[in-house]
Amino acid sequence: MEERWDPRLCVNSLSSQHWTLWEDLECYERLGIHRISLFMPKLLKAGLDRAEAEIEGRALRVDGILPGSSFDLLDEGSWSRTQDALVMGIEVAQRVGATTVQTPGGSAGGSPYEEAADRFARAIAPVAAAAGSAGVRLALEPTRPQFAHIGFVHTLRDALALATELGIWVVPDTAHSWWEADVAGLLTQGASRIAVMQVADLAFRAPVLERLVPGDGALPLGQLLDATLAAGFSGPFELEILGSAIESEGYESAIRRSFSYLTALLAGPDQPLVG
């Protein structure tokens, strides 16, 4: 009997980081997962036309495209390459019916935040215009400072303010935003600006870098998801798990357990795990 997952859940193909797109799709079919987000390098390696036809043939709902490219904000000469990659992500999103293209913003090499934000505003402007014309949400993901090599925005508070200023969206990630003061309040206040909510867990036995299956760590995931739900956010809640614990367990098992836990969490304490 096919397990029935909460319809607001989707899985990011980075959750099976080292699999091909074809392995991903076969896993999703076995698990009865019909809602996904796609890492662009996997699509390119599989061949865009063939990949798009396969996704359409399997009747999969695509929520997001992750281009796998971010700005080097100190190297203005490189911006056009990243802009092209993001615009390609927007074009692919249009073709597969995805609503969102995600970006971590880019590295600012230790520059002051205000300088980095100004550079990002200039770098992202043509991409935001292309997204607006295409009807696709361009969304900024804030990251913890450990990930400053791909993103300069390290708090959800700053991400919401910058996204509002630039007319774009936000992708909060429980693994990046759990530590902020009044994070639940920020999620509630910013719910109308959230395009996707990424979900993973973390443990605190060692330096906190790698993600865990939701429920295996210490994050207050119920509180974080409830904050967005109470404010009217209806998903998608996107699973993004990667790291040694996921590799050791195996992707299919980790994804299945994640969807089981999150389905129960979203249903409430008195609801069955699956139907």
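The values are calculated or read from the model by the stated rules, or taken from the named source; none is laboratory data. Since the model is a prediction, treat every value here as computed from it, not as a measurement. Please note: Cβ atoms are built from the backbone with ideal geometry, for glycine as well, and neighbour counts cover all protein chains shown. Only protein heavy atoms, including side chains, enter the accessible area calculation; ligands, DNA and RNA are left aside. Shrake-Rupley method; radii C 1.70, N 1.55, O 1.52, S 1.80 Å.
Compute the Rg to Rh ratio over region 185-275 from the alpha carbon atoms, using the Kirkwood formula for Rh, and round to two decimal places.
On the way: Rg = 13.6 Å, Rh = 13.9 Å.
A ratio of 0.98.
Kindly provide the helix-only [θ] at 222 nm of the chain, computed as the sum of -39,500 (n - 2.57) over DSSP H runs of four or more divided by all residues, to the nearest 500 deg cm²/dmol?
Here the helix-only value at 222 nm equals -13500 deg cm²/dmol.
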State the percentage of accessible surface on region 146-203 attributable to carbon and sulfur atoms; use a 1.4 Å probe and exclude ligands, DNA and RNA.
-> 57 percent
Might you tell me the accessible area per residue for region 15-168, computed with a 1.4 Å probe and given in Å²?
-> 43 Å²
Taking H as built 1.01 Å from N, whose amide H comes closer than 5 Å to the amide H of residue 242, not counting residues under 5 places away?
-> 211
Cα shape, the chain, gyration tensor, a/c 1.5 rule | oblate
Which whole-Hz ³J(HN,Hα) couplings does region 50-64 yield from phi under the Karplus relation 6.51 cos²θ - 1.76 cosθ + 1.60, θ = phi - 60°, glycine and proline marked x?
-> 5, 5, 5, 5, 5, 5, 5, x, 8, 6, 8, 8, 9, 8, x
Set the Förster distance to 41 Å, then compute FRET efficiency between residue 56 and residue 244 from the Cβ-Cβ distance, nearest 0.05.
-> 0.75
For region 218-228, in residue order, the Karplus 3J(HN,Hα) values (coefficients 6.51, -1.76, 1.60; θ = phi - 60°; whole Hz; Gly and Pro = x) are 10, 6, x, 4, x, 5, 5, 5, 4, 4, 6
For region 152-166, in order, what is each residue's ³J(HN,Hα) by Karplus, 6.51 cos²θ - 1.76 cosθ + 1.60 with θ = phi - 60°, in whole Hz (x at glycine and Pro)?
-> 9, 9, 10, 9, 5, 4, 5, 5, 5, 5, 5, 4, 4, 4, 8
Name the residue, out of 260, 177, 244, whose mean-square fluctuation peaks in a Gaussian network model built on the chain with Cα pairs under 10 Å.
-> 244
For residue 204, the net charge from surrounding residues (Cβ-Cβ under 14 Å; K, R +1; D, E -1) works out to 0
